[in-house]
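Taking it in order: structure first as structure tokens, then the write-up.
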Amino acid sequence: MAYRLEAGETLPHGLKRIVREQLDDAIAGLRSARGSDAPAAVHNARKDIKKTRSVLRLARDEIGDELYRHENDRLRSIANSLSGARDAEVLVETLGKVQERADGRVSEEALARLRLRLEADRDEVAADRGGAAAMREAADALETVRDGVEEWPLTEEGFDAIEPGLRRAYKRGRARMAEAVEDPTVLRLHVWRKRAKDLWYHSRILEPVWPGQMKALVDAADELGELLGEDHDLAILHRRSGDHGDAVGSSEDLVALLESIVARRLELRTRAFSLGRRLYGEPPRAFVERLETAWGFWREESAEPAASTALVGTENGAVDGLNGIDLHVAPDEASDLLPIDSRAILDGHGWDIGFWAVLDDAPVERALVAIGHREEAVAVAEGWEVVRVRGRSGAETRRTDDSEALARHEGHVYIFGSHHGGKKGPLEATRAFVARFDEAAVAIPLGSEKVELEVAHNRFRLHRAVNDALREFGPPILDIDEDVNDRLVGRARRRGRKKGKDWAERVQRDDVPLNVEGAAFRPDGKVLLGLRLPTTADGDPLLVELASVDPLFAEDEELPEVTGFWILQGVGTPDAPAGVRALRDHGYEVHAVTGSLDSVGKGSALLEEHPEGAESSSTHSLFRLPNRRGRVRRVRPTVVRRFPHLHNVEGLSPDAHGRFFYVSDEKNKVPLRFSEVAVEGLVRDREGPDRTPA
């Protein structure tokens, strides 16, 4: 039975498999044990439960606090129902170890009498716990837990699904060690042991990621747990020996026994502190980043290499007339594309085509990748490479998530968070961010040094500014079910108030949720943000125009200025509303991908109440923005390409030859699709002369 992830196994499948195997083992042991086998079965079941609870801690942020507490409490209760007899048995075993080290300082008669008393206590506890009946009840309860494992909401496959749990386990272990070193009470040492056991279990799960290094970590954490475990057992024996002093007999024997226990505990603590300082010697952030790097290499090595693919969909073997390359990088869900503008970067890697891309399943510091085409490759469908580019932000930067859009302005590449939340809500402050970096300052080769990122957490300032503008002068908005809006917006406000967040009052109950998925800069510095949500009452996509992005990076609480809204007219309908999935400015034109309001089949609260939000298919359109007055303006785009088979297209970008490349949101790969035909001359002047570049 493998208490570890396997190569080629997705993270959700692997964690669920591990849990099922532990519970199956515990259930089988408890049901089959008879007579003298019962203590070992109980011991093994309790270990299996501890392993299961440690998986819960590792994935806590992914499955959510409510389910975590429910399952953890159930498992702890089951383990406690089996604990008494086993704990009493441990005291008998610990006395045997003390006897081996006593060197005759305690008489054999005194130790024998104490052993008899401890064995009597053990048998009494076993009788009180119900023996076989208690084991059957525990097995039944574990079976109930096991039957629900498949429904645990583990869906994310990247390292970020377990990064918070891993960081928390290491950080807490480090803190508990410091407390134990300062004042080595029985309780503090015992709490430290629990956290060291978590590190041991987590390291075992991740051992295949970096076998040599992880094996050393596993062994060290295991040894530390054993040292602290024996210390705890001796502490309990010390107390119980004093309680049973009459069984020991003479005071000389009792004093000698207690002194032996104290001496052994001092030896164990000394070794534990020495080992702990080495085990917890690096900061949590460095520890996690080291494992994440190994994780990325492991996933790349266990995946198939990038290759040209023949995709089902049309007669020529391509999907919707597009060729395709599947690139493998973890985490895997790509959200946008932007051409690499730096000739130095392209030449440094020998690329003739290059794109920045962002992956939405990671903090912004780990979301950036570069995709390049080798200059010597004869065919466009061959010679593609992908490089993971790490970022570095300030020490005070808060956590970010869900990078969705890329744009360029005055030499800087901008990354916009979705400003939204999970599929079931609520809105999340971690997603309300904008980041940027100076492309010319990026070290070559890519990945050799971390990119310096400036990250701005606007704490719902953009949300507030857009909602105020919608109320003041915006177009009518498609109604969202009141319950859905409460789950997305109301819960965010209540959660923020409960936690005392300074942004809580910027989120009001009757606001509409924003989902930013596209961005582009106009030559005058104005910013266009493409909204997937909301849409107009007619179901058409909305663009928000901001006077500048600078207020979002300011240290004060200034709201960005919304200068207007653009409606992509005729793209959606009330029965099939369409939102923006990507934006890209290209000369005088703006290109957009529009499509469904949320992902199908992922438990979206929005689509549960508004299934029409899934009806719109992905479409690539282009338009020019006419030089008109007014704060709500309309433009009718020209359709470039429809995607009847490719769902969830989330990024588009041209190369120097006018060919367009696309990425879509798919698990286990980053699909890069492209057309051999350049997009030219498709804009018709529907609105009269237009001299204003987009």
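Could you tell me whether V145 is in the same structural domain as E292 (by TED's automatic domain parsing), surrounded by 13 or more Cβ atoms within 10 Å (Cβ to Cβ) and either modelled with pLDDT under 70 or over 30 Å from D402 (Cα atoms) (or both)? So V145 fails the test. Let me spell it out: the conditions are (1) in contact with a helix residue (DSSP H, G or I) (Cβ under 7 Å, 6 or more places away or on another chain); (2) outside any helix (DSSP H, G or I), and L23 meets all of them except one. Which number is the exception? Failed condition: (2). Scan region 20-35 and give yes if some residue there is farther than 19 Å from E151 by Cα and within 21 Å of the chain's Cα centre (by Cα), otherwise no. Taking every residue of region 20-35 in turn, none turns out to be farther than 19 Å from E151 by Cα and within 21 Å of the chain's Cα centre (by Cα). Taking (1) crowded, with 16+ Cβ neighbours inside 10 Å; (2) not in a strand (DSSP E or B) in turn, E557 satisfies each apart from (1).
Among the residues making up region 530-553, those that are in contact (Cβ under 8 Å) with a residue 24 or more places away in the chain and part of a loop (DSSP other than H, G, I, E, B) are P534, T535, A537, D538, G539, D540, P541, V549. Listed here are the strands (runs of 3 or more DSSP E) enclosed by region 346-432 that have at least 1 residues being of a type in the set (F, W, Y) and in contact with a Pro (Cβ under 9 Å, 6 or more places away or on another chain): 351-359.
If we keep just the residues of region 433-454 that are assigned to a loop (DSSP other than H, G, I, E, B) and free of Cβ contacts under 8 Å to residues at least 12 places away in the same chain, which is nearest to V549 (Cα to Cα)?
Initial filter on region 433-454 (assigned to a loop (DSSP other than H, G, I, E, B)): 442-450, 453.
Checking which are free of Cβ contacts under 8 Å to residues at least 12 places away in the same chain leaves us with 443, 448-449.
Numbers: A443: 26, S448: 30, E449: 27 Å.
The selected residue is A443.
Considered as a group, the residues in region 597-655 that are part of a loop (DSSP other than H, G, I, E, B) and aliphatic (A, V, I, L, M) include one that is surrounded by the most Cβ atoms within 10 Å (Cβ to Cβ), and that residue is L597. Of note, L227 does not satisfy the criterion of being at pLDDT 75 or above, in a helix (DSSP H, G or I) and within 27 Å of the chain's Cα centre (by Cα).
Each row is one residue, and each column tells you yes or no for (1) modelled with pLDDT of 95 or more; (2) in contact with a strand residue (DSSP E or B) (Cβ under 6 Å, 6 or more places away or on another chain); (3) closer than 30 Å to A357 by Cβ.
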| site | (1), (2), (3) |
| --- | --- |
| T563 | yes, yes, yes |
| L583 | yes, yes, yes |
| E589 | no, yes, yes |
| E608 | no, no, no |
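When region 372-401 is filtered for residues that are within 25 Å of S599 (Cα to Cα) and aliphatic (A, V, I, L, M), nothing remains. For the condition farther than 20 Å from L406 by Cα and at pLDDT 90 or above, P577 qualifies.
Of all residue pairs spaced 6 or more apart or on separate chains, those with beta-carbon atoms under 7 Å, a first member in region 567-581 that is more than 17 Å from E517 (Cβ to Cβ) and a second member that is outside any loop (DSSP other than H, G, I, E, B) are Q569/R634; Q569/V635; D575/E612; A576/E612.
The values are calculated or read from the model by the stated rules, or taken from the named source; none is laboratory data. Everything numeric here is computed off the predicted structure, so don't read it as measured data. Here Cβ is always computed from backbone atoms with ideal geometry, including for glycine, and neighbour counts include all displayed protein chains.
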